[in-house]
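Remarks on the structure that follows.
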Amino acid sequence: MNNILVATANKITTITINRPNKLNALNKETIAELSQAIDTAEDDENSRVIILTGSGEKAFVAGADIAEFADFSPEQGKELAAHGQEILFNKVENCSKPVIAAVNGFALGGGLELAMSAHFRIASDNARVGLPEVSLGVIPGYGGTQRLPQLVGKGRAMEMIMTAGMIDAATAHSYGLVNHVVT
């Protein structure tokens, strides 16, 4: 694996997105590696829970790797989003083992969408979350428009999506977006 680290100890599998120089941004290769790691952990009898996190203190996942799709046509963008949704985000949501997103630093765009697909979200007090892709003329592509209202309600979801604003960990907790905030 080039972009993630996987370790299992005490029946806990920790999957770390390890692209700190890109703020752990998701590209096609990272999404494929995460998908494979989830499959492996789900099939592993020595794993009872999965923790998803990002390396470094700056970002859980600061979104999609925009450089990879900057020149995509709308059709290519739709295909990319549908494929990622199928092979990773829905897989995380439907995993038979509990998946915990340990959110440190930025969880933006695809990063927040990945965290929302997990069963539980625990944020460090330095976490900042949001869906800024709308400022690029792109709607949240990995289930953000569906999962966010389920977690925070329609009004707050509409505000977060339409303004592209970020919120801090305490606000995310008060909204019900994260389960716990830790130092």
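The values are calculated or read from the model by the stated rules, or taken from the named source; none is laboratory data. What you are looking at is a predicted structure, and each value in this text was computed from that prediction instead of being measured. Because the Cβ atoms are built from the backbone with ideal geometry, glycine has one as well, and the counts that use them run over all protein chains shown. For accessibility, only protein heavy atoms count, side chains too; no ligands or nucleic acids. Shrake-Rupley method; radii C 1.70, N 1.55, O 1.52, S 1.80 Å.
Checking the cross-link filter: which aspartates and glutamates have an alpha carbon closer than 17 Å to that of Lys58, excluding same-chain neighbours under 8 positions apart?
Excluding near neighbours in sequence, the set is Asp125, Asp168.
If you put +1 on each Lys and Arg Cβ and -1 on each Asp and Glu Cβ, how big is the dipole of the chain around its Cα centre, in Debye rounded to 20?
Charge dipole of the chain: 520 debye, to the nearest 20.
Given the options Ala37, Met166, Ala70, identify the residue whose Cα lies farthest towards the positive end of the charge dipole of the chain (+1 on Cβ of Lys, Arg; -1 on Cβ of Asp, Glu).
Met166
Mind ranking Phe69, Phe89 by accessible surface for me, highest first, 1.4 Å probe?
Final ranking, largest accessible area leading: Phe69, Phe89.
Could you give each residue of region 32-37 its phi-based ³J(HN,Hα) in whole Hz, using Karplus coefficients 6.51, -1.76, 1.60 with θ = phi - 60°, and x for Gly or Pro?
In residue order, the calculated couplings are 5, 5, 4, 4, 5, 5 Hz.
Of all GluC sites (Glu not before Pro) in region 45-100, which ones are in loop regions per DSSP and have a Cβ with at most 12 other Cβ atoms within 10 Å?
Those that pass, being in a loop and sparsely packed, are Glu45, Glu57.
What's the carbon and sulfur percent of the chain's accessible surface, probe 1.4 angstrom, rounded to a whole number?
So the carbon and sulfur contribution to the accessible surface is 53 percent.
Under the rule of at least 5 residues apart or a separate chain, name every residue whose amide H is placed under 5 Å from the amide H of Val178.
His173
Assuming R0 = 25 Å, can you tell me the calculated FRET efficiency for the pair Thr40 and His119, based on Cβ-Cβ distance, to the nearest 0.05?
So the FRET efficiency works out to roughly 0.85.
To the nearest 500 deg cm²/dmol, what mean residue ellipticity at 222 nm is calculated for the chain from DSSP H runs of n ≥ 4 alone, each contributing -39,500 (n - 2.57), summed and divided by the residues?
Helix contribution divided over all residues of the chain: -10500 deg cm²/dmol.
Select from Ile161, Ile66, Ile139 the residue whose mean-square fluctuation is largest in a Gaussian network model of the chain (Cα-Cα springs shorter than 10 Å).
Ile66
Considering all alpha-carbon pairs of the chain, what whole percent are spaced by more than 25 angstrom?
Roughly 27 percent, once rounded to a whole number.
Filter the trypsin sites (Lys or Arg not before Pro) in region 1-67 down to the DSSP loop ones having no more than 16 other Cβ atoms within 10 Å, then list what survives.
Lys11, Arg48, Lys58
Apply the Karplus parameterisation 6.51 cos²θ - 1.76 cosθ + 1.60, with θ equal to phi minus 60°, to every residue of region 167-183 and state each ³J(HN,Hα) to the nearest whole Hz, in sequence, with x for glycine and proline.
Once θ is set to phi - 60°, the couplings for region 167-183 become 10, 8, 4, 5, 5, 4, 5, 5, 6, x, 6, 10, 7, 8, 10, 10, 8 Hz.
What list of ³J(HN,Hα) couplings, whole Hz, do you get for region 136-147 from phi and the Karplus terms 6.51, -1.76, 1.60, once you set θ to phi - 60° and write x for glycine and proline?
9, x, 10, 7, x, x, 10, x, x, 6, 9, 6
Name the residue from Asn27, Ala9, Ala59 whose Cα lies farthest towards the positive end of the charge dipole of region 1-84, charges +1 on Cβ of Lys and Arg and -1 on Cβ of Asp and Glu.
Ala59
Can you give the accessible area of Val138 in Å² (nearest 10), computed on protein heavy atoms with a 1.4 Å probe?
60
Give me the distance between the Cα centres of region 95-130 and region 1-76, rounded to whole Å.
Between the Cα centres of region 95-130 and region 1-76 lies a distance of 12 Å.
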